[in-house]
Amino acid sequence: MTEQATFNFENPEKSQDSGTGPESVLLDGLNLERPLVFFDLETTGLDQDIDRIVQFAFLKVNPDRTQDEWQELVNPRIQIPAESSAVHKITDETVKDKPDFAHFAPLVKDYLEDCDLSGFNIIRFDVPFLQKELDRHGQALDLEKIRIVDAQTIFHKMEPRTLSAAYRYYCGGDHEDAHDAMGDVRVTLDVFNAQLYKYAELPKDMSKLGSFCNLNDDRWVTPDRRFYWRHGEPVIAFGKHKGKTLLWLSNNETHYLNWMINGEFSDETKEMVKQALQGVIPKKSTEDSNDS
């Protein structure tokens, strides 16, 4: 852990300017009653029941605005899938000589004692994942005593991602015909036209632009994120069979897969499930993972 003073309270004008807010005071106007810890995790995958932490990073902002940082690589004691390494660049070789999380759990629990938490998308992923890992080693956090501030939630609430908001941002006008089909179509054309003008780096080739707009995370098998890749095999990410491979489902739960075919899932997921019932299971090659 390293102590890092960022702001000069006697001479605020000499404080380090992060370029993200007032130079004089970090988190200006926020009443910090106790330390606020920003954190992020890198993991072997997306399933907190099966996967493990391979790296954590904490940045603690104290009430007086001094800071300290702590980050560690962690040996998960399970293989790190190639598709996960492609995302965070941490491999089995990287962590082979590092302690496992059993070593860090009591230290993490102590570090976070009497602190609040912050990060980006931590409510849905990092907090429950960390809590699960701490639980395994008898070091559970009392989340009822911890206030959690998620920058992603603030971003989404304060900057609505609606067509009307996009029209105001890119075109400087109000969308008068919101939710009228033709009105929405015309405004979308205006927004897209403004985006092409604003972002010179956008591909001008439709094929490349289509690839740019593909929001698929390489760890997910299909766009609706119902299956994720683990060791090159599709694994279900929800429901009572969460963590089971598609191969296992096709051999043991055909009724469940038939239910999925008739359910509210993407066409890609339904087609994959249909193929699985016919004995065809997709595989993700290591080469594909490394290209992601």
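Given a 10 angstrom Cα cut-off, can you work out which residue in HIS137, HIS175, HIS241 is the most mobile in a GNM of the chain?
HIS175
Counting other Cβ atoms within 10 Å of each Cβ, which chymotrypsin sites (Phe, Trp or Tyr not before Pro) in region 237-283 have at most 11 and sit in a DSSP loop?
Those satisfying the criteria are PHE238.
For LYS60, give me every one of the lysines with a C-alpha distance below 30 angstrom, ignoring sequence neighbours fewer than eight places off in its own chain.
Within reach: LYS14, LYS89, LYS96, LYS98, LYS109, LYS132, LYS145, LYS157.
Would you work out the Kirkwood radius for region 173-288? I mean one over the mean of 1/r across all pairs of different Cα atoms, in Å.
17.1
Starting from the alpha-carbon convex hull of region 122-167, give the projected area averaged over all orientations, in nm².
Over every viewing direction, the Cα hull of region 122-167 projects on average to 3.8 nm².
Would you kindly compute the Cα radius of gyration of region 172-222 and its largest Cα-Cα separation (Dmax), both in Å?
Radius of gyration, then largest Cα-Cα span, for region 172-222: 14.4, 40 Å.
Can you tell me which aspartates and glutamates have their Cα less than 15 Å from the Cα of LYS240? Leave out same-chain residues fewer than eight positions away.
ASP47, ASP49, GLU253
Treating cross-link reach as a plain straight distance, find the aspartates and glutamates whose alpha-carbon is under 20 Å from the alpha-carbon of LYS198, omitting any fewer than eight places away in the same chain.
Cα-Cα hits under 20 Å: GLU159, ASP174, ASP190.
Give the range of the longest stretch in the chain that excludes all GluC sites (Glu not before Pro) found in loop regions by DSSP and having at most 10 other beta-carbon atoms within 10 Å. Don't skip to the answer; put the middle values down first.
On the way: sites that count: GLU10, GLU33, GLU176, GLU201, GLU264.
Here the longest run is 34-175.
Helix-only mean residue ellipticity at 222 nm, the chain, DSSP H runs n ≥ 4 weighted -39,500 (n - 2.57), per residue, nearest 500. What is it?
Details: 12 runs with 105 residues, N = 292.
It comes out at -10000 deg cm²/dmol, rounded to the nearest 500.
Taking a ≥ b ≥ c as the square roots of the eigenvalues of the Cα gyration tensor of region 67-169, is the shape rounded (a/c under 1.5), prolate (a/b larger than b/c) or oblate?
Values: a/c = 2.70, a/b = 1.46, b/c = 1.85.
Oblate shape, in that a/c is at least 1.5 and b/c is the bigger or equal ratio.
Who wins for biggest fluctuation among LEU247, LEU32, LEU202 in a Gaussian network model of the chain, springs between alpha carbons below 10 Å?
Most flexible of the set in this elastic network: LEU202.
Expressed in nm to one decimal, what extension gain is obtained for the pair HIS103 and THR66 from 0.36 nm per residue of sequence separation less their Cα-Cα distance?
Gain in length upon complete extension: 10.6 nm.
With unit charges on the beta carbons (Lys and Arg positive, Asp and Glu negative) and the dipole taken about the Cα centre of the chain, which residue among LEU141, PRO223, PRO76 sits farthest to the positive side?
Of the options given, the answer is PRO223.
Report ³J(HN,Hα) in whole Hz for each residue of region 219-236, in order, from the Karplus equation J = 6.51 cos²θ - 1.76 cosθ + 1.60 where θ = phi - 60°; Gly and Pro get x.
7, 9, 7, 10, x, 7, 6, 8, 10, 10, 7, 9, 6, x, 10, x, 10, 6
Given a Förster distance of 30 angstrom, what is the FRET efficiency for LEU32 paired with ARG136, based on the Cβ-Cβ distance and rounded to 0.05? Show your work: numbers first, answer last.
Working: r = 31 Å, r/R0 = 1.03.
According to the calculation, E is roughly 0.45.
I need the fraction of alpha carbon pairs in the chain separated by more than 35 Å, rounded to a whole percent.
Looking at the chain, the distances longer than 35 Å represent 38 percent of pairs.
The numbers here are math on the coordinates, done by the rules we state, and not lab data. Everything numeric in this text was worked out from a predicted model, so none of it was measured. Heads up, the Cβs are rebuilt from the backbone with ideal geometry, glycines too, and the neighbour counts pull from every protein chain shown.
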